[in-house]
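A.B. asks: I'd like to ask you about the structure that follows.
Read the figures in this text as sums done on the coordinates, not as results from a lab. Computed from a predicted model, the values in this text were never measured in an experiment. Counting neighbours? That spans all protein chains shown, and the Cβs are built from the backbone with ideal geometry, glycine included.
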Amino acid sequence: MATVKFLLQSKSDNAPIYLRLSLARNNTFKRKTTLSINPKNWSEKNYPKQTTAENKNLASELRKLSDFILDQVNVANSLGVLIDGNWLNSKIDFHFNKIDIVSLDYLTEYGEHFIKNLKYKTNNKSEKVGVSLATSKKYQTIVNKLIAYDEHRKVKTKLTDVDLKFRIGLMNYFKTVDRLSDNTIGRYLKFVKSICLDAEKNGFKVSGQLKNFLGFSIEAPKVILSLDEIEQIKQTNFESENHEIARDWLVIGCFTGQRVSDLLRMNTSFIQRIQNFDFIVLTQQKTKKTVQIPIHFEVQEVLDKRGGEFPPIFTNNLFSSMALFNRYLKQLCKLSGIDSVVKGNRFDETLKRSILGMYPKYELVSSHICRRSFASNHYATELYPTPILMNITAHKTEQMFLTYIGKEPIDYSVKLAKIWQKLAKDLKS
C-alpha cells in the first residue's frame, strides 16, 4: 500500500519540505514539494505545528498534496504507468500548476494508450468486455489524424488544449487539408471527446470546455430502390455474367436486409428448416447478433434459377468482391435505366470527398442500398410490423430504425389511418 510522508532535510530558517512516496520496501522516491517552513514550526508528526493560521494553511496544503499523490498512484497503477522519481516530480509540479507535462498528458499519447486498453473496455449496456476490431481501427484512424494535425501545426496538443478553439482549428484542418465530409468530421469530433472523457475519468486534467466540445451528424439523403425499380432491373437482359451475378445478389440483398459483409457470405449452409419453413440463419459480423430471415419468394426464385445455390462471389477475397459488387451495381443500374435524378452524396475523384448534389440514381447506388431498400420498402405496411423488420435488420431501437430509413414516428398515424380506411371500405362492401 502506498504511503506519503513529509520531512525536512535542512535546519535553515526556510527549509524545503520534501515528500517521500513509499510504494513498497526498498521502493521509495523523494522530491521537493516547492513548500518550505522554519524547522522551529515543524512537529514530530512531520506536519507543521498548529500554532498559527499560516501553519494551519500550510498543513492543509500538504494534506491536499498527499491526497492528490495517492490518487494519482491509483490511476497510474490502473493504467500500467511506471512510477519513479520523475513521475513523482511531475505530479507535484502538476498539482501546483507548474508546467511539466508527463507523456500521457498529451492528446495523441493518451489516445494510443486508450486504444491499447480498448480490449478491457466494458460496454455499459451489454456488460461485454472489449470492442470490435472495426471500432479499434476507427480510433486508430483518428489518433493518426491527430498526430498529423500536430505535425501540421508544429505543436504538441495537451489534453487541456482540447477546447472550443481547438475544435474550430481541427474542423478547419479536416475540411481543407484532409477534405473530409461534414459527417466524417462530426464523427471524428465525437471520438476525440471520448478519448478526453476517458482521460478525465482516469484523473487527468482536461479543458473546462470539454463538455461543450460536441460532434455532430448531418442527415444524409436516403437513396433506395423501389419495388418497381427492382423489378425493372430483374427484367433487364445483361450481356456480362458479372452483371447477372451482381443483379442476383442485389435481389437477395433487397429481400434479406443484410449488410454486404453478411450478404456475400451467404451459402446453402446458412439455410435451415424451422417448423416447415426455410430460413437464412446467420450471425451478423458487425453486431454479432444471430438473425433468422424467412426466405422470400424473390430470393427463392434466384436460388431455383441457380440450382438451389447462391450466386458466386466475384473473387476468393470477400473484401475485393464487395468492392466489385459496388462497381457492378452502378453499371447494371445504368443499363437498367435507373436514371431518375435524386439528391445524394457522390464521391468526387478530383476533390477526394463526397459532394452533395442532384445526380442520376445509378451514380449513387452502392451495396448498402440493398439493406436500406429492404427496410424502406416494407416499412409501414400491414404485412410487415416494424418489430419484425427490426429483428431482421438487427436495429436495437425503433428510433434507430426510423432514422435509418428517414422516417418519423408520425408516419405511424398515416399507417393507422390507412388501416382504418381499408377496414371501413371492407365493412361497407
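A.B. asks: DSSP loop GluC sites (Glu not before Pro) in the range 226-333 with at most 12 other Cβ atoms within 10 Å of their Cβ, which ones?
C.D. replies: GLU239, GLU309
A.B. asks: Let me ask something additional. What residues qualify as long-range amide H neighbours of ILE37, i.e. H under 5 Å apart, gap of 5 or more or another chain, H built at 1.01 Å from N?
C.D. replies: Amide H neighbours of ILE37: ALA15, ILE17.
A.B. asks: Only sites in a loop by DSSP and with at most 16 other Cβ atoms within 10 Å count here; which chymotrypsin sites (Phe, Trp or Tyr not before Pro) in the range 203-311 make the cut?
C.D. replies: Values: sites: PHE204, PHE213, PHE216, PHE238, TRP249, PHE255, PHE270, PHE277, PHE279, PHE297; in loops: PHE204, PHE213, PHE216, PHE238, PHE255.
Loop-located and lightly packed - PHE216.
A.B. asks: Could you compute the net charge surrounding SER217? Neighbours are other residues with a C-beta less than 13 Å from the C-beta of SER217; K and R count +1, D and E count -1.
C.D. replies: Working: positive: ARG187, LYS190; negative: ASP182, GLU219.
Cβ neighbours under 13 Å give a net charge of 0.
A.B. asks: Given +1 on the Cβ of Lys and Arg, -1 on the Cβ of Asp and Glu, and no further charges, what dipole in debye does the chain carry about its Cα centre, rounded to the nearest 20?
C.D. replies: Value, rounded to 20: 1660 debye.
A.B. asks: Compute the helix-to-body angle for 133-153: its Cα long axis versus the longest principal axis of the chain, expressed 0 to 90° and rounded to tens.
C.D. replies: Long axis of 133-153 versus the principal axis of the chain: about 60 degrees.
A.B. asks: Follow-up. Based on the alpha-carbon gyration tensor of the range 282-338 and its eigenvalue square roots a ≥ b ≥ c, which shape applies: rounded if a/c is under 1.5, prolate if not and a/b is larger than b/c, or oblate?
C.D. replies: It is oblate, given that a/c is not under 1.5 and a/b is not larger than b/c.
A.B. asks: Quick one: Karplus J couplings for the range 389-395, per residue in order, coefficients 6.51, -1.76, 1.60, θ = phi - 60°, nearest Hz, x for Gly and Pro?
C.D. replies: 3J(HN,Hα) across the range 389-395, in whole Hz: 5, 5, 5, 7, 6, 6, 6.
A.B. asks: Also, quick follow-up: Can you list residues from other chains, or at least 5 along the same chain, whose modelled amide H is less than 5 Å from the amide H of TRP42?
C.D. replies: When sequence neighbours closer than 5 places are left aside, the close amide H contacts are LYS49.
A.B. asks: Under 1.5 on a/c is rounded, so check that first for the range 242-292, then, if it is not, pick prolate when a/b is larger than b/c and oblate when it is not; a ≥ b ≥ c are the square roots of the alpha carbon gyration tensor eigenvalues.
C.D. replies: Oblate.
A.B. asks: Angle, helix 164-176 long axis vs. longest principal axis of the chain, Cα atoms, 0 to 90°, nearest 10?
C.D. replies: Between the helix axis and the principal axis of the chain, the angle is about 40 degrees.
A.B. asks: State the antiparallel share, in %, of DSSP beta bridges confined to the chain, rounding to the nearest 5.
C.D. replies: Counting only bridges with both partners in the chain, antiparallel ones make up about 100 percent.
A.B. asks: By average Cβ neighbour count within 10 Å, what is the ranking of 55-63, 147-155 from highest down?
C.D. replies: Values: 55-63: 15.7, 147-155: 13.0.
For the peptides 55-63, 147-155, the packing ranking is 55-63, 147-155.
A.B. asks: List the residues, sorted by chain then number, that are 5 or more residues from ASP278 or on another chain and whose placed amide H is less than 5 Å from its amide H.
C.D. replies: Answer set, sorted by chain and number: ILE295.
A.B. asks: Which lysines have a Cα lying under 28 Å from the Cα of LYS40, excluding residues fewer than 8 positions away in the same chain?
C.D. replies: LYS5, LYS11, LYS30, LYS32, LYS49, LYS56, LYS64
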